[in-house]
Amino acid sequence: MHAALLRFAHACLRRTPANAGIETPDHAPIARAMSNEPYIDSGAATFAQDAIEASRERLVLVDFWASWCGPCRSLAPVLEKLAGEYRDSLKLVKVDTDREQELAMQFGIRSLPTVLFFRDGRVVDQFMGALPESAIREKIDRYASSSHDLVLAEARDFYRNGNTETAKELLGKLMEAMPGNDAPVLQYMAWLSEEGDMEGAAAMAESVSREGRESPEYRAYQATLEFLPTGADAAGRDELAAALEEEPGNLDVRYRLARLLVSKREYAPAMDHLLEIIRRDRSFENDGARKTMLKIFELLGGKGELVSEYRTRLSRTLF
């Protein structure tokens, strides 16, 4: 099941220019509508319709390029890949500046490639040169209202309400529609980790991008691996809680329970136990309780209400 979900379509479609410019006016609209390319070519005659009017419904990226431009050739597959991923909320339009010099002059194009972002009939952003994919994606996310976000939110609602199969099915379809986007993959990994399917989560983790590995979601996955009990320590939560109730002063049991809660992302109760260990014996496990709390702060990105509250409580306990 997981292998099927991980089959991402990474092929970047490239346009063959052999027949460019020979369509007759009568056939051009039909050919444009039937095109399977992730973009359309535009010029002065159709630009208002292709870009300006279209931007009233979704974000439009206009790539001003030329065949002799090396950075243009480097940028093209990146834009086409993103256009495929965001096809529900983004349209990619290309303008060959050698053929459309007046149009390029109209928009003040002085460097190639230049990409203009159109939204609601006007230019809202732009960049020049071959930016990294992550930087372009960040700009797109700023302006594109994606239906993918709605699907992801819907999947999370299904999962919270116990309809896990439907939730996973939605995420599977979302991953196929958004190859290269880490959000649905990270969410699926989180669910698998919570369910104890670390093998499945590890398989999916292989497809997470370098940027995605810096996200709080990925750090949470790593923490789950680090704190997950194994071997003799692999007692269940109820068993540990019962043992602690019988013997509240057993710091070993309390520490094991705290680490188990961290692996389940129940950070507040985990830190409550860690603070109690520090109060009773800071030297336990070579100051392990304090060090574990610092790891949790890092895991949570070092900010937020939970971090602020427990950082204050830790300071009061220590001093």
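Only the coordinates and a few stated rules stand behind these numbers; no lab work does. These figures come from a predicted structure and were not determined experimentally. Cβ: placed from backbone, ideal geometry, glycine included. Neighbour counts: every protein chain shown.
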Please identify which residues in the range 66-88 have an amide N closer than 14 Å to a label point set 7 Å out from the Cα of ARG99, following the Cα→Cβ vector.
66-68
For the chain, set up a GNM with springs between Cα atoms under 10 Å and report which of GLN106, GLN222, GLN49 has the largest fluctuation.
GLN106
Cα shape, the range 147-209, gyration tensor, a/c 1.5 rule:
oblate
Modelled label-to-label distance, ASP287 and ASP125, 7 Å Cα→beta-carbon offset: nm?
4.3
Could you give the longest part of the chain that holds none of the GluC sites (Glu not before Pro) found in DSSP loops with at most 15 neighbouring Cβ atoms within 10 Å?
58-194
Distance in nm between pseudo-label sites at SER215 and SER67 (7 Å out along the Cβ direction from Cα):
4.0
For a 26 Å ceiling on Cα separation, which of these pairs sit above it: LYS264/LYS291; LYS173/LYS295; LYS81/LYS303; LYS139/LYS295; LYS264/LYS295?
LYS173/LYS295; LYS81/LYS303; LYS139/LYS295
To the nearest 0.05, what FRET efficiency results for ILE52 and GLU154 with a Förster distance of 22 Å applied to their C-beta separation?
0.10
Nearest 10 degrees, 0 to 90: what angle lies between the long axis of helix 164-177 and the longest principal axis of the chain (Cα atoms)?
40
Report, in deg cm²/dmol and to the nearest 500, the calculated mean residue ellipticity at 222 nm for the chain, where each DSSP H run with n ≥ 4 adds -39500 (n - 2.57) and the sum is divided by the residue count.
-16000 deg cm²/dmol
Cα-based helix-to-principal-axis angle, 182-194 vs the chain, degrees rounded to 10
20
Would you kindly state how much longer the chain becomes between ASN163 and GLU266 on full extension, computed as 0.36 nm times their sequence separation minus their alpha carbon distance, in nm to one decimal?
34.9 nm
Rounded to the nearest 10, the angle in degrees between the Cα long axis of helix 288-299 and the longest principal axis of the Cα atoms of the chain comes to 20
Using percent of Cα pairs over 34 Å apart as the read-out, say which of [x] 25; [y] 43; [z] 20 was calculated from these coordinates.
[y]
For the range 160-208 versus the range 57-73, the gap between their alpha-carbon centres in whole angstrom
33
